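To start, the structure under review is shown below, and the notes come after it.
Derivation of every value follows stated rules applied to the coordinates shown; laboratory data play no part. Nothing here was measured: the structure is a model prediction, and the numbers come from that model. Every residue, glycine among them, receives a Cβ derived from its backbone with ideal geometry; neighbour counts consider all protein chains shown.
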Amino acid sequence: MEQSTPTFTPILLGSDFNAYGMARSLYELYGQPVKAYAEVALAPTRYTNIVDLTLIDGFTEDPTWIDEMLKLKENYRNANGPVILIACGDGYAELIAKHKDELEDVFVCPYIDYDLIKQLNDKAAFYQMCEKYDMPYPGTRIITEQMYNANDTIEQPFDYPVALKPADSVAWLDVHFDGRKKAFTIHDRTEFDSIIAKSYDNGYTGELVLQDFIPGDDSNMRTLNAYVGKDHKVKMMCLGHPLLEDPAPAAIGNYVAILPEYNQTLYNQIQHFLESINYTGYANFDMKYDQRDGQFKLFDMNIRQGRSSFFVTLNGNKLADWVVQDYVFDSLTTAEPLYANKDQNDYFLWLGVSPKTFEKYARDSAEKDHAVALIKNGRWGTTFWYAKDRNLKRYALYKWAMHNYQVDFKKNFVVK
């Protein structure tokens with residue numbers, strides 16, 4: 001991709017690892033700090049020189065969000081070149097799509113329409129789309145609040161253990177109770193009834209997704225990040241093989257070690273789906289290999305780049321630049337899709353934990369051996385610890401985070 005300095009303004013919405021990774025990708029290419037707006041300052045964007053973060057109370061929900069965005073729109077109306085909004089969280093992606101008509105006279109909003117984004121963000125509706133486009137997913141049953149309120153025994157058609165998670169991940173952020181998790185692995189009927197009751201008794205009104213549990217540990221997971229151009233054609237796909245996940249209850253599903261991987265069959269399958277639904281922008285898929293039938297089963301789709309998506313940039317595919325090339329340089333119209341990671345000799349291991357923690361807790365496998373060899377050869381990296389953005393406070397924050405991960409793994413890690 002071209003690397004001359006264009007006239008444009010990227011704006012990140014969020015302050016997490018996703019936001020910092022996108023800012024780092026842009027800074028590496030264009031040498032300018034990146035503007036970001038969020039409600040709170042999370043650790044990855046503290047004490048940094050590459051993210052110019054402004055905090056706004058109530059910025060995660062309407063009406064505050066759209067009121068503040070309309071003010072920002074006037075501030076940027078006379079900016080030189082395109083002003084591109086990049087959501088770094090599910091809620092922000094939904095809000096941009098919801099108010100796209102009000103914003104796109106000033107901002108570039110590289111997102112699909114709100115009705116489609118709601119379908120894709122809702123797991124129950126997403127699985128219906130998987131059915132339509134022949135995309136494998138786990139055996140599933142939908143549970144509703146009405147079923148719970150009827151006081152009848154809710155049918156559980158799968159053998160234990162089973163997986164249970166909210167269909168509406170955005171609404172789930174506002175639900176709180178002792179033992180709350182992003183997703184549950186349930187081992188008996190008593191636990192099953194208890195989690196359903198706690199979910200609905202504490203304010204959740206959406207659907208719950210009950211699924212056949214796919215056996216195996218974290219190393220059976222895959223994550224795929226893609227960019228789809230304004231012409232609705234896939235421009236880049238990058239597959240990752242997670243080797244370890246965060247074991248903390250509130251962070252289940254967050255990867256902390258990803259090895260690049262190449263699988264053209266998966267690339268073709270996801271490309272067909274994205275282009276069939278006229279998708280635009282960044283997308284992230286999580287899936288798990290089911291050894292019982294040899295298929296990768298889709299868990300969900302994020303309408304944004306993944307939290308751990310810096311592994312894409314680390315492996316040479318500057319993730320944040322795809323939207324710049326598309327809307328600033330207009331260089332992707334005739335570009336052939338990039339199917340990343342064909343050459344294992346080019347691989348870099350992405351870590352969210354220390355190498356010591358990874359080597360202690362990742363399951364022994366050929367992939368782990370490959371990852372350890374990459375570490376020994378210096379071919380690894382993190383999102384947070386960036387050579388051009390280091391100072392004493394960030395170093396202390398980094399060491400504190402690595403220590404907390406050690407504590408979390410010691411307390412919560414369970415061999416699967």
Seminar exercise, completed: Scalar couplings 3J(HN,Hα) for segment 152-159 by Karplus 6.51 cos²θ - 1.76 cosθ + 1.60 (θ = phi - 60°), nearest whole Hz, x for Gly and Pro, are 8, 5, 7, 5, 10, x, 9, 6
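Give, rounded to the nearest 20 debye, the magnitude of the charge dipole that the chain has about its Cα centre when Lys and Arg contribute +1 at Cβ and Asp and Glu contribute -1 at Cβ.
Details: 43 positive and 58 negative charges, 353 e Å.
Around 1700 debye, computed over the chain.
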Problem set entry | Fluctuation leader among Leu374, Leu351, Leu314 - the chain, Gaussian network, Cα springs under 10 angstrom | Leu374
Exercise. Which Cα, out of Tyr227, Tyr30, His272, lies furthest along the positive dipole direction of the chain (beta carbon charges, K/R +1, D/E -1)?
Worked result: Tyr30
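When DSSP beta bridges are limited to those with both residues in segment 21-169, what percentage is antiparallel, rounded to the nearest 5? Intermediate values should be presented prior to the final figure.
On the way: 1 of 8 bridges.
The answer is about 10 percent antiparallel.
Mind listing which trypsin sites (Lys or Arg not before Pro) in segment 242-307 are in a DSSP loop and have 11 or fewer other Cβ atoms within 10 Å? Don't skip to the answer; put the middle values down first.
Values: sites: Lys288, Arg292, Lys297, Arg304, Arg307; in loops: Arg292, Arg304, Arg307.
Sparse-neighbourhood loop trypsin sites (Lys or Arg not before Pro): Arg292.
Considering only Cα-Cα distances, which of the following residue pairs are longer than 23 Å: Lys100/Lys233; Lys181/Lys410; Lys35/Lys235; Lys288/Lys376?
Pairs exceeding 23 Å: Lys35/Lys235; Lys288/Lys376.
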Seminar exercise, completed: Full extension between Gln119 and Glu104 adds, at 0.36 nm per residue less the Cα distance, a length in nm of 3.2 nm
For this session: Taking the Cα centre of segment 139-212 as origin, sum charge times position over the Cβ atoms of Lys and Arg (+1) and Asp and Glu (-1), and report the length of that vector in debye to the nearest 20.
Result: 240
Exercise. Which entry is the computed semi-axes √(5λ) of the Cα gyration tensor in Å for this structure: (i) 42, 30, 24; (ii) 37, 22, 20; (iii) 32, 26, 22?
Worked result: (iii)
For this session: Hey, can you grab everything whose amide H is under 5 Å from the amide H of Asn254? Only 5+ residues off in sequence or another chain; H modelled, so Pro and N-termini drop out.
Result: Asp246
Problem set entry | ³J(HN,Hα), Karplus 6.51/-1.76/1.60, whole Hz, each residue of segment 351-366, x for Gly, Pro | 10, x, 10, 6, x, 4, 5, 4, 5, 6, 10, 5, 5, 4, 6, 5
Exercise. Label Gln291 and Arg390 with points 7 Å out from Cα along Cα→Cβ: what is the distance between them in nm?
Worked result: 4.1
Problem set entry | From phi via Karplus (6.51, -1.76, 1.60), per-residue ³J(HN,Hα) for segment 331-345 in Hz, x at Gly/Pro | 9, 9, 4, 9, 6, 6, x, 9, 9, 6, 6, 5, 10, 5, 5
Seminar exercise, completed: Shape call for segment 264-416, from the Cα gyration tensor axes a ≥ b ≥ c (a/c under 1.5 means rounded, otherwise prolate when a/b beats b/c, else oblate), comes out oblate
For this session: Compute the separation of the alpha-carbon centres of segment 83-142 and segment 242-265 and state it in Å as a whole number.
Result: 22
Exercise. For the modelled label position 7 Å from the Cα of Phe413 along Cα-to-Cβ, which residues of segment 350-386 have backbone nitrogen atoms closer than 12 Å?
Worked result: 353-364
Problem set entry | Nonlocal amide H pairs with Met236, under 5 Å, H built at 1.01 Å | Tyr227, Leu338
Seminar exercise, completed: Note: probe point = Cα of Ala335 + 7 Å toward Cβ; backbone nitrogen < 13 Å; residues of segment 194-236 passing the test are 226-236
For this session: May I ask which residue of Phe126, His370, Ala43 lies farthest towards the positive end of the charge dipole of the chain, with charges of +1 (Lys, Arg) and -1 (Asp, Glu) on Cβ and the Cα centre as origin?
Result: His370
Problem set entry | Loop-located trypsin sites (Lys or Arg not before Pro) in segment 24-124, at most 16 other Cβ atoms within 10 Å (DSSP) | Arg46, Arg77
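List the pairs from Lys182/Lys356; Lys98/Lys230; Lys360/Lys399; Lys182/Lys411; Lys165/Lys318; Lys132/Lys318 whose alpha-carbon separation is above 21 Å, in the order I gave them. Spell out each step's value before the answer.
Values: Lys182/Lys356 26 Å; Lys98/Lys230 18 Å; Lys360/Lys399 18 Å; Lys182/Lys411 18 Å; Lys165/Lys318 32 Å; Lys132/Lys318 33 Å.
Those over the limit are Lys182/Lys356; Lys165/Lys318; Lys132/Lys318.
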Exercise. Which of Thr265, Thr223, Thr280 moves most in a GNM of the chain, Cα contacts under 10 Å?
Worked result: Thr265
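In percent, how large is the relative contact order of the chain, given Cα pairs closer than 8 Å and 6 or more residues apart?
On the way: 760 pairs, mean separation 69.7, N = 416.
17 percent.
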Problem set entry | Amide H contacts under 5 Å for Val108, placed H, 5+ residues apart | Val83, Ile84, Leu85
Problem set entry | Theoretical ellipticity at 222 nm over the chain - DSSP helices of four or more residues, -39500 (n - 2.57) apiece, nearest 500 | -9500 deg cm²/dmol
Problem set entry | Distance in nm between pseudo-label sites at Leu55 and Asn75 (7 Å out along the Cβ direction from Cα) | 1.6
For this session: Express the relative contact order of segment 1-85 as a whole percentage, based on alpha carbon pairs under 8 Å and six or more residues apart in sequence.
Result: 35
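Out of all DSSP beta bridges with both ends in the chain, state the antiparallel percent to the nearest 5. List each step's numbers first, then the result.
Values: 42 of 61 bridges.
Restricted to the chain, the bridges split so that about 70 percent are antiparallel.
DSSP loop GluC sites (Glu not before Pro) in segment 83-123 with at most 15 other Cβ atoms within 10 Å of their Cβ, which ones?
On the way: sites: Glu94, Glu102, Glu104; in loops: Glu104.
Passing sites in segment 83-123 are Glu104.
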